[in-house]
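One structure below.
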Amino acid sequence: MPEVEIFTDGACSGNPGAGGWSAVLRCGKVEKELCGGAADTTNNRMELTAVIGALRALKKSCRITLHTDSRYVMDGVTKWLPNWQKNGWRTANKKSAVKNIDLWQILSIELDRHQIKWVWVKGHNGHLENERCDKLAREQAKLIMSGENK
């Protein structure tokens, strides 16, 4: 099984507002950057989209170390997702629908393809790859705001 390191980030100008996401995938000495954006979105949606985009880019099952500065995504996957699924995509109180359910459902399918070790990194703290992803994501949000990337 190939071993891949993934670094992700999402950004939003306004919340909701124009947003961007990015991911850096590294397999040995080979790296690939991915990024995109959306006009009317939230930071959490961009964080989720970054992880989904990175996992979808992998053509076969991999052993992954995934670095994120999003507690929302990491805790969602490692703590809350099994119960959300068991509760019919409802939160712990079983009354409220899970926010961003469309993305969580896509992500849950992608997660099944891989073995993933989650690593939380503190954002805006000098972590090289996190800073790189943050810059790419913010650039995508600016392109969306300017109308250059739709």
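The values are calculated or read from the model by the stated rules, or taken from the named source; none is laboratory data. Just so you know, these numbers come straight off a predicted model, no measurement behind them. Glycine also receives a Cβ, built like all others from the backbone with ideal geometry; neighbour counts cover every protein chain displayed. In case anyone asks, the SASA skips ligands and DNA or RNA and just uses the protein heavy atoms, side chains included. Shrake-Rupley method; radii C 1.70, N 1.55, O 1.52, S 1.80 Å.
Keeping to segment 17-27, report how many residues are over 13 Å from the mean Cα position of the chain (by Cα) and either modelled with pLDDT under 95 or under 15 Å from Gly53 (Cα atoms) (or both).
1
Filter segment 119-150 for residues that are outside any helix (DSSP H, G or I), under 15 Å from the mean Cα position of the chain (by Cα) and closer than 20 Å to Glu33 by Cβ and give the result.
The answer is Val119, Val121, Gly123.
Take the conditions surrounded by fewer than 17 Cβ atoms within 10 Å (Cβ to Cβ) and within 13 Å of His114 (Cα to Cα) and apply them to Glu3. Does it pass?
Yes.
What's the total number of residues in segment 91-101 that are closer than 18 Å to Asn44 by Cβ and either among the hydrophobic types (A, V, I, L, M, F, W, C) or open to solvent by 70 Å² or more (accessible area, probe 1.4 Å) (or both)?
5
Tell me the helices (runs of 4 or more DSSP H) entirely within segment 16-90 that contain at least 3 residues that are within 30 Å of Gly147 (Cα to Cα) and open to solvent by less than 10 Å² (accessible area, probe 1.4 Å).
43-57
How do the pairs read when you match residues in segment 121-150 that are closer than 19 Å to Ser13 by Cβ with residues anywhere that are acidic (Asp, Glu) and open to solvent by 40 Å² or more (accessible area, probe 1.4 Å), using Cβ under 8 Å and keeping only pairs 6 or more apart or on different chains?
His124/Glu131; Leu136/Glu33
What do you reckon, is Ile106 of a type in the set (Val, Ile, Thr) and open to solvent by 40 Å² or more (accessible area, probe 1.4 Å)?
Answer is yes for this residue.
Quick one: which residue in Ile116, Ile109 is at pLDDT 95 or above and assigned to a helix (DSSP H, G or I)?
Exactly one of Ile116, Ile109 is at pLDDT 95 or above and assigned to a helix (DSSP H, G or I), namely Ile109.
Of the conditions (1) part of a loop (DSSP other than H, G, I, E, B); (2) in contact (Cβ under 8 Å) with a residue 40 or more places away in the chain, Lys94 clears all except one; give me its number.
Among (1) part of a loop (DSSP other than H, G, I, E, B); (2) in contact (Cβ under 8 Å) with a residue 40 or more places away in the chain, the lone unmet condition for Lys94 is (2).
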